[in-house]
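K.L.:
Submitted below is the structure of interest, expressed as structure tokens.
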Amino acid sequence: MDDQALHVLNTFFGYSGFRGAQAAIIRQLIDGKDAVVMMPTGGGKSLCYQITAIVRDGCGIVISPLIALMQDQVSSLQQLGVNAAYLNSTLDASEAAEVENRLLAGQLDLLYVAPERLMTPAFLGLLEQTNIALFAIDEAHCVSQWGHDFRPEYIQLSILHERFPQIPRIALTATADEPTRNEIIQRLALSQAERFIASFDRPNICYRIAQSTGNARDALLRFILNDHQNEAGIVYCLSRNKVEQTAEWLNSKGLTALPYHAGLPAKTRQKHQQRFLMEEGVIIVATIAFGMGIDKPNVRFVAHLNMPKSIEAYYQETGMAGRDGLPADAWMMYGLQDVINLRQMMDSSDADEKLKRTEQHKLQSMLGFCELTSC
């Protein structure tokens, strides 16, 4: 099976050898055993389940929280000659039926599906008639109330273990501290799974953090013009309003900047994301609604005009930079007003007191990180 996996790596993906723990993870899954994988952004997590799904008999079912991520990955796989498809709300009834028929006919290597779709009785019934190679739970930190991107529908994914106990499962994430890690394992019933935890060091990213003493926007412009003119980048802001104002202002200074936040129409978001992926030198100005699973290797900088709410969130967002391994910058300008705004957002949320205390603790850690004088 090792030779077969290496052959798939060479033939479909064009790489001569595996990196880090990839070979061990794939062997674990091919042998029908479960795995929990913590690897940095750009560490090659997706290859672990993609190659296994091609090698093993049946279709790999990939549970993914974002439509954009599914479409991006499926499009890339199809170009490489892999039989991949997705099922989500962008397909009409006839298109969805066609994908389901291909699944039942054994014509797919990989099928990407949102957790909401997966949990429907109709889809679970469909899976029971399907030859399944594996289940991959991507962005697995979404299962944890301790995590920075909790999604309630992820909690129900333990049903996979209950209804399909013989099918190997892999849970993957790029950011999970100890409490989040433990909750992933507990909620997904993965206590018997082998754990693969890689180093999270990204030596090609240079981190620059400063407290704002005046106009952070002007400092951002100087940074882009001096260090990253005509290069792709992402600028994160805390509010939708600030996203739109910043994008408009950067455009007025001769840059190509596109806004992205959950309040924009879905078609606009999709168009802006496609331009960012396909064109050179485009800057996306966004809230945290943007980013998870976007696979653009040559993002040369990620800038924050506001402090993120946790170190994990910051790590995930800056992890978008330099996925090609070449030098990239993570630049942040923060102010104490950010801390006040984030605390107010946390206090006004519907979360229980225990979770609010956890979020406050994570915010304190983030502020401590910003105020470090050493590397």
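The values are calculated or read from the model by the stated rules, or taken from the named source; none is laboratory data. Since this is a predicted model, take the numbers as computed values, not measurements. As a convention, Cβ positions derive from the backbone with ideal geometry for all residues, glycine included, and neighbour counts pool all protein chains shown. The protein model used for the area step is the full one, side chains on, heavy atoms only, and it has no ligands, DNA or RNA in it. Shrake-Rupley method; radii C 1.70, N 1.55, O 1.52, S 1.80 Å.
K.L.:
Is there a residue being crowded, with 19+ Cβ neighbours inside 10 Å and in a strand (DSSP E or B) anywhere in the stretch 178-197?
P.N.:
Scanning the stretch 178-197 turns up at least one residue that is crowded, with 19+ Cβ neighbours inside 10 Å and in a strand (DSSP E or B).
K.L.:
While we're looking at this one, here's another question. Please find, within the stretch 262-281, the residue that is surrounded by the fewest Cβ atoms within 10 Å (Cβ to Cβ) out of those that are in contact (Cβ under 8 Å) with a residue 40 or more places away in the chain and closer than 15 Å to Asn298 by Cα.
P.N.:
Result: Glu280.
K.L.:
Might you let me know whether the stretch 286-298 holds any residue that is among the hydroxyl-bearing types (Ser, Thr, Tyr) and surrounded by fewer than 19 Cβ atoms within 10 Å (Cβ to Cβ)?
P.N.:
no
K.L.:
Sort through Asp109, Asp138 and tell me the only one that's over 30 Å from Asp350 (Cα atoms) and of a type in the set (Asp, Glu).
P.N.:
Step by step, each of Asp109, Asp138 is checked, and only Asp109 is over 30 Å from Asp350 (Cα atoms) and of a type in the set (Asp, Glu).
K.L.:
Look through the stretch 98-153, keep the residues that are out of contact with any strand residue (DSSP E or B) (no Cβ under 8 Å at 6 or more places or on another chain) and open to solvent by less than 10 Å² (accessible area, probe 1.4 Å), and return whichever of them is modelled with the highest pLDDT.
P.N.:
Leu124
K.L.:
Surrounded by fewer than 17 Cβ atoms within 10 Å (Cβ to Cβ) and among the β-branched types (Val, Ile, Thr), is that true of Ile159?
P.N.:
So Ile159 fits the description; yes.
K.L.:
A further question on this structure: For the stretch 115-134, what are the residues that are closer than 19 Å to Ile67 by Cβ, touching a residue at least 40 places away in the same chain (Cβ under 8 Å) and in contact with a helix residue (DSSP H, G or I) (Cβ under 7 Å, 6 or more places away or on another chain)?
P.N.:
Pro115, Met119, listed by residue number.
K.L.:
Out of all the residues in the stretch 207-240, which are of a type in the set (A, V, I, L, M, F, W, C), under 21 Å from the mean Cα position of the chain (by Cα) and open to solvent by 30 Å² or more (accessible area, probe 1.4 Å)?
P.N.:
The answer is Leu238, and nothing else.
K.L.:
Would a scan of the stretch 208-223 turn up a residue that is touching a Leu at 6+ places or on another chain (Cβ under 9 Å), part of a loop (DSSP other than H, G, I, E, B) and of a type outside the set (Ser, Thr, Tyr)?
P.N.:
no
K.L.:
Report, ordered by the first and then the second residue, all pairs with beta carbons closer than 7 Å, sequence separation of six or more or different chains, a first member in the stretch 237-259 that is farther than 15 Å from Val302 by Cα, and a second member that is part of a loop (DSSP other than H, G, I, E, B) and open to solvent by 30 Å² or more (accessible area, probe 1.4 Å).
P.N.:
Arg240/Gly263
Rundown of residues vs (1) under 14 Å from Ala136 (Cα atoms); (2) open to solvent by 50 Å² or more (accessible area, probe 1.4 Å), yes/no style:
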{"site": "Ser16", "(1), (2)": "no, yes"}
{"site": "Ala24", "(1), (2)": "no, no"}
{"site": "Gly43", "(1), (2)": "no, no"}
{"site": "Gly58", "(1), (2)": "yes, no"}
{"site": "Ile61", "(1), (2)": "yes, no"}
{"site": "Ser64", "(1), (2)": "yes, no"}
{"site": "Gln71", "(1), (2)": "no, no"}
{"site": "Leu77", "(1), (2)": "no, no"}
{"site": "Leu91", "(1), (2)": "no, no"}
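K.L.:
I want to confirm something. Restricting to the stretch 205-231 and keeping residues that are among the polar types (S, T, N, Q) and modelled with pLDDT of 90 or more, which single residue is farthest from Cys370 (Cα to Cα)?
P.N.:
Here the answer is Asn230.
K.L.:
Continuing with the same structure: Could you look through the stretch 318-344, keep only residues that are aliphatic (A, V, I, L, M) and under 23 Å from the mean Cα position of the chain (by Cα), and pick out the one that is most open to solvent (accessible area, probe 1.4 Å)?
P.N.:
Leu326
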